[in-house]
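Have a look at the structure below before the remarks.
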Amino acid sequence: MLTDEQMRYPIGKFQPPASYTDDDLYRWMNDIRMLPGQLRQAVIGLNDDDLNTPYRKGGWTLRQVVHHVADSHMNSITRIKLALTEDSPTIKPYEEAYWALQADYHLPVEPSLKMLEGIHQRMIVLFESFTEKEWERTFIHPETGAANSLKKTLATYSWHGRHHLAHITETRKKYGFNKPINQAFYIKSLVYYSPFRELGGSACCCLIARRYYTQTSANTYSCSCVSYHYIKGCDSSDLIGKRC
């Protein structure tokens, strides 16, 4: 179990890469693909009290963490598109601590999970269209004056998503929120071909949408959430119609 101090950076602080390979880019892009489904799975079964639990003393609640990830990555895609369409623009930072105090951070997490799904799908389409020229485009952060390439931005948000995902998963372990979810179960998987392809290759990916149904009364079931999973190089004919 991690200490409060370790929970500040449960996977370690971000270390800017010394170099960038195609394998690095593919791995970080895959992190971006996977995060929406991973984050959704991480909050399955959490009630309001669970979501209102801080991940460390003085830290954000799990609810605030989910809303923050959506807001942060919303700002990220704006910075990416500014860098693509302007010459080394200076971006506008935002006060994340004050954003986390706004009324919308008291909402259920579902709106932010949906935001993240759309944002990351658009991110991946952009990243997969990049040539070396686009990867080298930059924006300027006014607090440091440093030029941030889009390669570094991809690495940063790969880390950022995993960083906050660990806040949730480690908190679940700490407080015993990992108890089995007896009433929620997979009912079916829907499989789609996605437009995403392996960097530099031709292996198609499939997008699996798993719907979780929860028994709300003796004969009534409601869809509690949908999670999304990407499988590289799968054959949809092997999956369609099969239960998880």
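The values are calculated or read from the model by the stated rules, or taken from the named source; none is laboratory data. Every value quoted in this text rests on a predicted model; they were computed, and no experiment measured them. As a convention, Cβ positions derive from the backbone with ideal geometry for all residues, glycine included, and neighbour counts pool all protein chains shown.
Is region 36-58 home to any residue that is in a helix (DSSP H, G or I), assigned by TED's automatic domain parsing to the domain that holds His164 and over 22 Å from Gly176 (Cβ atoms)? Scanning region 36-58 turns up at least one residue that is in a helix (DSSP H, G or I), assigned by TED's automatic domain parsing to the domain that holds His164 and over 22 Å from Gly176 (Cβ atoms). With a requirement of 3 or more residues that are free of Cβ contacts under 8 Å to residues at least 60 places away in the same chain and surrounded by fewer than 17 Cβ atoms within 10 Å (Cβ to Cβ), the helices (runs of 4 or more DSSP H) lying completely within region 70-178 that satisfy it span 96-99, 110-129, 132-135. Among the residues of region 108-128, is any assigned by TED's automatic domain parsing to the domain that holds Pro10, under 25 Å from Leu25 (Cα atoms) and at pLDDT below 95? No.
A quick yes/no check of all residues on (1) among the charged types (D, E, K, R); (2) closer than 28 Å to Thr144 by Cβ; (3) touching a helix residue (DSSP H, G or I) at 6+ places or on another chain (Cβ under 6 Å):
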| site | (1), (2), (3) |
| --- | --- |
| Tyr9 | no, yes, no |
| Ala18 | no, yes, no |
| Gly37 | no, no, no |
| Ala100 | no, yes, yes |
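Within region 2-43, the set of residues being without any contact (Cβ under 8 Å) to a residue 40 or more places away in the chain and surrounded by 14 or more Cβ atoms within 10 Å (Cβ to Cβ) is empty.
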